[in-house]
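Beneath this line is the structure, given in structure tokens, with notes to follow.
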Amino acid sequence: MRVAGVILLLAALVPAAYAQPPDDPSRFQLGIWTDEVRTEPCVDGPPGTVFTMVAYGWVPGDLGLNYITFRFAFPPGVSRVGAPTLHRDAIDLIVTDFADGTQEWNVLVGGCHSGWVRVLDQEWVLQDAQPARIGIVADRCWMRDCDFTLNEVGLLSEIRVNEPGCGGVPAVASAWGTMKGLFR
């Protein structure tokens, strides 16, 4: 009976952590993580390790979200696997490459959602074991609310790859598919 009680307690706590607003809930904000509950910004693994980047936007009050513009700086030691998976009411993704090596992703959103809006997931594969960061370029990101006002964005996180002391969950490339299968 104690085990069942602990499981029920954990099940009750996970949604509460998942729903927590950011430190400044009055600001439009963007972040990328390696988990759905926005707690893990790190990944560790050898070349061949596959991981998922999960992107969320925070929309304050009842302003609603119309679209998000992310400008990403992608390091050389990671490669995208396939196209991103759009979530909830994300309608379309428009990608633009820039000469400085950054890439802009514009995600059109329907439904005027507020609070946490899960925008997309993107799978990545590590090409080498070097430390790297997948980051959002701060001065190139915007969120348009449903009143069609363009809002500046605060950044919540970036993904750190193979950085000492980061504390990411290690995953062995050959076992990654097996681990993902356990949770499906």
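The values are calculated or read from the model by the stated rules, or taken from the named source; none is laboratory data. In this text, all values refer to a predicted model and were calculated from it rather than measured experimentally. We place every Cβ from the backbone using ideal geometry, glycine too, and count neighbours over all the protein chains shown.
Considering every residue within the range 120-128, establish whether at least one is in contact with a Pro (Cβ under 7 Å, 6 or more places away or on another chain) and outside any strand (DSSP E or B).
Yes: one or more hits.
Return the residue satisfying two criteria in turn: it lies in the range 139-149 and is at pLDDT 95 or above and either among the hydroxyl-bearing types (Ser, Thr, Tyr) or not in a loop (DSSP other than H, G, I, E, B) (or both), and of such residues it is surrounded by the most Cβ atoms within 10 Å (Cβ to Cβ).
MET143
Does the range 56-107 hold any residues that are of a type in the set (Ser, Thr, Tyr) and either surrounded by fewer than 16 Cβ atoms within 10 Å (Cβ to Cβ) or farther than 23 Å from ASP35 by Cβ (or both), and which are they?
TYR67, THR69, SER79, THR85, THR96, THR102
From the list GLY48, GLY61, GLY57, which residue is out of contact with any Pro (no Cβ under 8 Å at 6 or more places or on another chain), of a type in the set (Gly, Ala, Ser) and closer than 26 Å to GLY77 by Cβ?
Exactly one of GLY48, GLY61, GLY57 is out of contact with any Pro (no Cβ under 8 Å at 6 or more places or on another chain), of a type in the set (Gly, Ala, Ser) and closer than 26 Å to GLY77 by Cβ, namely GLY48.
Considering only the range 109-119, state which residues are in a loop (DSSP other than H, G, I, E, B), over 25 Å from GLY82 (Cα atoms), in contact with a strand residue (DSSP E or B) (Cβ under 7 Å, 6 or more places away or on another chain) and not polar (S, T, N, Q).
Within the range 109-119, CYS112, HIS113 qualify.
Could you please find all residues in the range 30-53 being among the acidic types (Asp, Glu) and surrounded by 20 or more Cβ atoms within 10 Å (Cβ to Cβ)?
ASP44
State all residues of the range 159-168 that are surrounded by fewer than 18 Cβ atoms within 10 Å (Cβ to Cβ) and in contact (Cβ under 8 Å) with a residue 12 or more places away in the chain; if no residue qualifies, say none.
Selection gives GLU163, PRO164, CYS166, GLY167.
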